[in-house]
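All remarks here apply to the structure that follows.
The values are calculated or read from the model by the stated rules, or taken from the named source; none is laboratory data. It should be emphasised that the depicted structure is a prediction, and the values quoted were computed from it without experimental measurement. In this analysis, Cβ positions are derived from the backbone assuming ideal geometry, glycine residues included, and neighbour counts consider all displayed protein chains. Note: accessible area is taken over every heavy atom of the protein model, side chains too, but ligands, DNA and RNA are not part of it. Shrake-Rupley method; radii C 1.70, N 1.55, O 1.52, S 1.80 Å.
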Amino acid sequence: MSKIKVGDVVKKEASKDTGPQAWVTVLEKESLWETDDDSDTWYRYTVLQPDGSVATYTDAVLKKQRTIYA
């Protein structure tokens, strides 16, 4: 899985808690906890949603898609 960075446009997965699937822009990235080997690092992301509102999600909800060139 690709690392999500500030400025990336990523897919927000749909769920009853977070609402429908949408493409969001990452505004801020903050570490929730880290391990020595960097394998279990989780982040909290502040994102701009399509309706203009700002929300906060974790890695469990956001997925970076592969860039595809036509």
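For first residues located in the stretch 44-65 and on the phi < 0 side of the Ramachandran plot and modelled with pLDDT under 90, partners that are in a strand (DSSP E or B) and of a type outside the set (A, V, I, L, M, F, W, C) and lie 6+ apart or on another chain with Cβ distances below 6 Å form the pairs ASP59/TYR43; GLN65/LYS11. Contact map, the stretch 1-13: first residue among the hydrophobic types (A, V, I, L, M, F, W, C), second residue open to solvent by 60 Å² or more (accessible area, probe 1.4 Å) and outside any loop (DSSP other than H, G, I, E, B), Cβ cut-off under 8 Å, separation 6 or more or different chains; pairs are MET1/LYS63; ILE4/LYS29; VAL6/LEU27; VAL6/GLU28; VAL6/LYS29; VAL9/TRP23; VAL10/TRP23; VAL10/LYS63.
Could we say that LYS11 is of a type outside the set (Val, Ile, Thr) and either at pLDDT 90 or above or in contact with a Lys or Arg (Cβ under 7 Å, 6 or more places away or on another chain) (or both) here? I'd like the intermediate steps shown before the answer.
Details: of a type outside the set (Val, Ile, Thr): yes; either at pLDDT 90 or above or in contact with a Lys or Arg (Cβ under 7 Å, 6 or more places away or on another chain) (or both): yes.
Judged against the criteria, LYS11 is a match.
Total residues in the stretch 1-33 satisfying the condition of being small (Gly, Ala, Ser), open to solvent by 50 Å² or more (accessible area, probe 1.4 Å) and either touching a strand residue (DSSP E or B) at 6+ places or on another chain (Cβ under 6 Å) or not in a loop (DSSP other than H, G, I, E, B) (or both): the figure is 1.
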